[in-house]
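The values are calculated or read from the model by the stated rules, or taken from the named source; none is laboratory data. Predicted, not measured: the structure shown is a model, and the values here were computed from it. No Cβ is skipped: glycine too gets one built from the backbone with ideal geometry, and neighbour counts run over all protein chains shown.
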Amino acid sequence: MDAAGKDGLIYDWNLAGPPTARPSCPVQFDDETLRDGLQSPSVTDPEIPAKIELLHLMDALGIHTADIGLPGAGPRAKAHVEALAREIVSSKLKIRANCAARTLMADIDPIADVSQKAGIGIEACLFIGSSPIRQYAEDWTVERMLEHTTTAIRHAVKLGLKVMYVTEDTTRAHPDTLKRLYTAAIREGASRICLCDTVGHATPQGVSALIGWAKGLVAELKAGSEEVGIDWHGHRDRGLDLPNTIAAISAGASRVHGAAIGIGERAGNTPMELILVNLKLLGWLDQDLTRLPEYCQAASRACGVPIPSNYPVVGSDAFETGTGVHAAAVIKALRKGDTWLADRVYSGVPAGEFGLSQKVRVGPMSGKSNVLFWLERNGFDTAPERVERVFQAAKASSRLLTEEELRSLATG
């Protein structure tokens, strides 16, 4: 692929060096908004209608699976999981359901019960800690962990559930322990294993090494038979969540996890919307993402988590500028009638790809071009005295002027 953009207007250094390894097969996405996302200390657990809205938006974005809850947590959790499972069936959604569970029968049985009542297959995501530090804190032995693993997976498979075996804190676990756990899980019938950066410890190099190691083990265990999928589940404690997820895909993970606007325990999960945006920009994903802002806004509203104004792509400032030089370049592109150019001349992310557009604002750092553009776009003539009045008010302000203030000045 050439390193130049449209008509050579962009030289892309991302393509000039050794390329990021492209996934050999299309990657799948698992949305954790309605389970791991709700473990955030500051979120509100939404009511069923809000969860259903989010489920439909996940489906519209082409997300493959969603963790719809941990029904073993209690009657309310189970009722919500059942309502979401029934919605998938009644609305004929493409998205598939999975549910979290500890390696305990008391957590697995409610999943099977919901699956039977709703008439839908539900993947059981059975999790257990795997790192030495967790073992020490819990007074666990590897033998006890193996016993829990084999008993739980055997029980789930007997109930007709597909199983994803999840090792918490995988990125700090010893390979010998992981080998014993994964070997037992796969032999008992787990169809996927999930490698977790539970505390956000990993770096991209570490992720690549771990995924590569897991691929080798799976190939060794399943030689000549149906392949076991490898999932990646990352957290953002060090802010490396997104590069780690891209590294996991490059290294061979077949499904990656995320949550809307990154909600989740402590600093949160990898933001699903930013995974999708980056894979789209890398050319690894070709699907309509114009409803991405709606998905993020719905999650923000349902969970009571504000989207920061400077948040990438969906933040209110992401495609707005009041700076004279920047705005002038965008305005010149728009006056050429070239939306492709306007979307990229001062933006590394093309707003139109995600259902958004560039906005020119007026404030203390604006030039007269901002004022002229705003007046033209809003049906005012550009008489010199009007331009000067608005311009001087903007220069005297300590912030961007609101639409109401601009209209008042323009009509004054």
Given the conditions (1) in contact with a helix residue (DSSP H, G or I) (Cβ under 9 Å, 6 or more places away or on another chain); (2) within 26 Å of Gly37 (Cα to Cα); (3) assigned to a helix (DSSP H, G or I), report the number of the one that Leu195 does not fulfil.
-> (3)
Failed item in (1) within 30 Å of the chain's Cα centre (by Cα); (2) surrounded by fewer than 22 Cβ atoms within 10 Å (Cβ to Cβ); (3) of a type outside the set (Lys, Arg), with Val114 passing the rest | (2)
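Here's the yes/no breakdown for (1) surrounded by fewer than 22 Cβ atoms within 10 Å (Cβ to Cβ); (2) polar (S, T, N, Q); (3) within 20 Å of Asp169 (Cβ to Cβ):
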position: Val81; (1), (2), (3): no, no, no
position: Ala85; (1), (2), (3): no, no, no
position: Met105; (1), (2), (3): yes, no, no
position: Pro132; (1), (2), (3): yes, no, yes
Of the residues that make up the range 296-313, is at least one under 25 Å from Cys194 (Cβ atoms), within 12 Å of the chain's Cα centre (by Cα), at pLDDT 95 or above and not basic (Lys, Arg)?
-> yes
Going by the conditions given, is Phe380 over 30 Å from Tyr295 (Cα atoms), assigned to a loop (DSSP other than H, G, I, E, B) and at pLDDT 90 or above?
-> yes
For the range 17-26, does any single residue satisfy the condition of being more than 26 Å from Val349 (Cα to Cα), modelled with pLDDT of 80 or more and of a type in the set (A, V, I, L, M, F, W, C)?
-> no
Answer with yes or no whether Arg386 is among the basic types (Lys, Arg), assigned to a helix (DSSP H, G or I) and buried (at least 17 other Cβ atoms within 10 Å of the Cβ).
-> yes
Output yes when any residue across the range 129-142 is in the same structural domain as Ile211 (by TED's automatic domain parsing) and within 26 Å of Gln28 (Cα to Cα), and no when none is.
-> yes
Would you mention how many residues in the range 138-184 are assigned to a helix (DSSP H, G or I) and either of a type in the set (Val, Ile, Thr) or crowded, with 20+ Cβ neighbours inside 10 Å (or both)?
-> 17
Read through the list (1) buried (at least 19 other Cβ atoms within 10 Å of the Cβ); (2) part of a helix (DSSP H, G or I), then give the number of the only condition that Asn98 fails.
-> (2)
Looking at the range 228-235, is at least one residue assigned to a loop (DSSP other than H, G, I, E, B) and β-branched (Val, Ile, Thr)?
-> yes
Taking Ala328 as meeting all but one of (1) farther than 22 Å from Ile10 by Cβ; (2) surrounded by 15 or more Cβ atoms within 10 Å (Cβ to Cβ), write down the number of the exception.
-> (1)
Which number in (1) closer than 30 Å to Gly352 by Cβ; (2) in contact (Cβ under 8 Å) with a residue 12 or more places away in the chain marks the one condition that Pro308 misses?
-> (2)
Criterion (in a helix (DSSP H, G or I) and either basic (Lys, Arg) or modelled with pLDDT of 95 or more (or both)) met by exactly one of Ile63, Ile108 | Ile108
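Yes/no matrix, rows are residues, columns are (1) under 25 Å from Gly337 (Cα atoms); (2) over 39 Å from the mean Cα position of the chain (by Cα); (3) polar (S, T, N, Q):
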position: Val362; (1), (2), (3): yes, no, no
position: Leu375; (1), (2), (3): yes, no, no
position: Val387; (1), (2), (3): yes, yes, no
position: Gln392; (1), (2), (3): no, yes, yes
Residue that is surrounded by the fewest Cβ atoms within 10 Å (Cβ to Cβ), among those in the range 198-210 that are part of a helix (DSSP H, G or I) and not hydrophobic (A, V, I, L, M, F, W, C) | Gln205
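Residue by residue, here is whether (1) assigned to a helix (DSSP H, G or I); (2) more than 30 Å from Gln392 (Cα to Cα); (3) of a type in the set (Asp, Glu) holds:
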| site | (1), (2), (3) |
| --- | --- |
| His257 | no, yes, no |
| Gly264 | no, yes, no |
| Lys280 | yes, yes, no |
| Ser300 | yes, yes, no |
| Ser316 | no, no, no |
| Val330 | yes, no, no |
| Ser357 | no, no, no |
| Ser369 | yes, no, no |
| Leu372 | yes, no, no |
